[in-house]
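Input: a single structure, listed below in structure tokens.
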Amino acid sequence: MGLWDKIKGEFVDVIEWLDDSRDILAYRFERYGNEIKNGAQLTVREGQVAVFIHQGKLADVFQPGMYTLETANMPILSTLLGWKHGFESPFKAEVIFVNTRQLVDQKWGTKNPIMLRDADFGPLRLRAFGTYAIKVKDAGTFVKEIVGTDGEFTSDQLVDQLRNIIVSRFTDKLGEAKIPALDLAANYDEIGDLIKTKISPEFDEYGIDLCKFLVENIALPPEVEKALDKRSSMGVLGNMQQYTQFQAANALEDAANNSGDAGGAMGGGMGMGMGFAMANTMGQAMTGGAQASAPPPPPGAPAAAAFHVSVNGESYGPYDMTTFQQHVSGGQITNESMVWKQGMANWLPAGQVQELSGLFGPPPLPPSGSTPPPPPPA
């Protein structure tokens, strides 16, 4: 080996890119003056592509493999430099390594709600989010359209632009699809395929392949979700009349328990009033649709007596005799309770109304040891 061959061997370049991260999409191979010796060794690993740029123009693109840079394997660059056969002097060129691996789990989501008109709910505001995966499929186009003169181009510099495209096209397609809100979850795959078909041509313009597009969730407003939860609960309960009766009975029991906590006559009156109100609710719940379906009284039959009861200045009722007797048995109505029915001029104590006096039993006996009143005359 001659002296010149030995010196020339000392200056043979090794051009390669070792990347430990996964978010760098393009890396400019730095060297002094961008000079590359003819015969330099170029190593392009799997998941990479090497792009040579000369005086701002795209030249040769090398796929994964090992290359000895010569005029034979750099036809475009040789033409740009005007090399003749056997020309072996150093040349100037930029080398940009492009990452062609998939970038997975890229997030997208709507910044603002999407306004839609739904067949079931009317105008709705929806939010949507999901993930997508991309990779560079045309390194030359990607360098020309996206990278430019950047020394290091990361995915963060690209995803914002891609996200804007995704959200804009997603909003348009979702509005055109006119899928009812309650059926969206059953069509996530179809929506994802539709959006991918719509967006892919725009990604192609950047030299990027949209590998996968997933819709993870399309969310309703919180108020609508709460209403749907209640509606679902009603469906789970099944017989709403029985559930209403159960709720009314619990409310009546709670009212009776709470009435003992208040002091004096005021507390008792409030408890009695709450009891009457809950009794009305429970009575309506118990009868349910039965009242609506009950036949009217026969012609000429006397109207059943219906009494109103006054508690703390509030009127409750009217109650038929059966319901009235239940309240008497429960201690909610006493013989001193003021009552009124149609045809009475004024409110009277229940014990003074002939129709009701028999509900309260005989008057209480005087306490033992007390002095009796004078006997009646013979």
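The values are calculated or read from the model by the stated rules, or taken from the named source; none is laboratory data. Computed from a predicted structure; not experimentally measured. Here the Cβ is made from the backbone with ideal geometry for all residues, glycine too, and neighbour counts use every protein chain on show.
Numbers at a glance
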| item | result |
| --- | --- |
| ARG127 of a type in the set (D, E, K, R) and either under 17 Å from the mean Cα position of the chain (by Cα) or in a loop (DSSP other than H, G, I, E, B) (or both) | yes |
| Per-region count, region 130-175, residues assigned to a helix (DSSP H, G or I), over 23 Å from the mean Cα position of the chain (by Cα) and aromatic (Phe, Trp, Tyr) | 1 |
| Selected residue (criterion: farthest from GLU145 (Cα to Cα)) from residues of region 176-228 that are in a strand (DSSP E or B) and of a type in the set (Asp, Glu) | GLU216 |
| Options GLU202, GLU190; residue that is out of contact with any His (no Cβ under 6 Å at 6 or more places or on another chain), closer than 22 Å to GLY109 by Cβ and either hydrophobic (A, V, I, L, M, F, W, C) or free of Cβ contacts under 8 Å to residues at least 24 places away in the same chain (or both) | GLU190 |
| Residue among TYR188, TYR206 that is in contact with a Gly (Cβ under 9 Å, 6 or more places away or on another chain) and at pLDDT 85 or above | TYR188 |
| Residue match in region 11-30 (condition: part of a loop (DSSP other than H, G, I, E, B), in contact with an Asp or Glu (Cβ under 8 Å, 6 or more places away or on another chain) and modelled with pLDDT of 90 or more) | no |
| Unique match (being touching a helix residue (DSSP H, G or I) at 6+ places or on another chain (Cβ under 7 Å) and surrounded by fewer than 15 Cβ atoms within 10 Å (Cβ to Cβ)) among ASP105, ASP120 | ASP120 |
| Residue that is nearest to PHE203 (Cα to Cα) [pool: residues in region 125-137 that are surrounded by fewer than 17 Cβ atoms within 10 Å (Cβ to Cβ) and among the hydrophobic types (A, V, I, L, M, F, W, C)] | ALA133 |
